[in-house]
Amino acid sequence: APTVPTDLSSGTSLMARSPHATPGGGLTTIKINEDDCRLWSRLVDNVPWEPQVRRHVSGLGECLGLLGYGARLRVRAPGPEWKLLLQTLNHWLKSQDLLTHWTSWQCNIDSVSEMHTDPNAGSSFIAVLGTFSGGEFVWNDTAYDLTGQGTVYDGRWPHASRPFSGHRTRRSATRWQH
């Protein structure tokens, strides 16, 4: 079972204050330090990205791990170009006590998603990196500027990202369990 994410400064469970626990509530964000943002951005830029295959998402991106397409499930294993990126993100998530048990990982480059829901088992974590204008994450009818931040949310509730301006600058990574 996944660990319960905790705000390390207060010791309070992020899930207790997250939409997963209180659908009418807001999101609690976690600041990602500038060195980690730069490192992640460099690692993301070293991976060859393909156009999105999901109809409700534009831009480039890939999904790794357990993939669900309706009643079908399959596994997509990472290639060697992903190794350092995944190790770095896993290390950071573990240091923050955030979703250390996950089955799927989606990286988006310069992507905008329409309002949608995900067939997760509950909690998701998203981090957004880059220098751009707009591109807010929308959840529970509220827009959040997550640039340089991450948050835990319930992907089973409708969510989207708003359009942005900038090129090869908006990067987001989402993790969850199927």
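The values are calculated or read from the model by the stated rules, or taken from the named source; none is laboratory data. Not measured: the values here are computed from a predicted model. Using ideal geometry, Cβ is built from the backbone for each residue, glycine included, and neighbour counts are taken over all protein chains shown. Note: accessible area is taken over every heavy atom of the protein model, side chains too, but ligands, DNA and RNA are not part of it. Shrake-Rupley method; radii C 1.70, N 1.55, O 1.52, S 1.80 Å.
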Residue pairs qualifying under the 6 Å Cβ cut-off, at least six apart or on distinct chains, with the first in segment 100-129 being closer than 18 Å to P51 by Cβ and hydroxyl-bearing (S, T, Y) and the second being part of a loop (DSSP other than H, G, I, E, B) and open to solvent by 40 Å² or more (accessible area, probe 1.4 Å), are S111/S58; S113/H56
Taking H116, is it of a type outside the set (S, T, N, Q), open to solvent by less than 40 Å² (accessible area, probe 1.4 Å) and modelled with pLDDT of 85 or more? yes
Within segment 114-143, the residues that are within 22 Å of R76 (Cα to Cα) and not aromatic (F, W, Y) are T117, D118, P119, N120, A121, G122, S123, S124, I126, A127
The residue that is farthest from I32 (Cα to Cα), considering only those in segment 125-138 that are in contact with a Leu (Cβ under 8 Å, 6 or more places away or on another chain) and crowded, with 23+ Cβ neighbours inside 10 Å, is F137
Within segment 157-177, the count of residues that are modelled with pLDDT under 90, buried (at least 23 other Cβ atoms within 10 Å of the Cβ) and among the hydroxyl-bearing types (S, T, Y) comes to 2
Counting only residues in segment 139-156 that are touching a Pro at 6+ places or on another chain (Cβ under 8 Å) and modelled with pLDDT under 90, the one most open to solvent (accessible area, probe 1.4 Å) is identified as R156
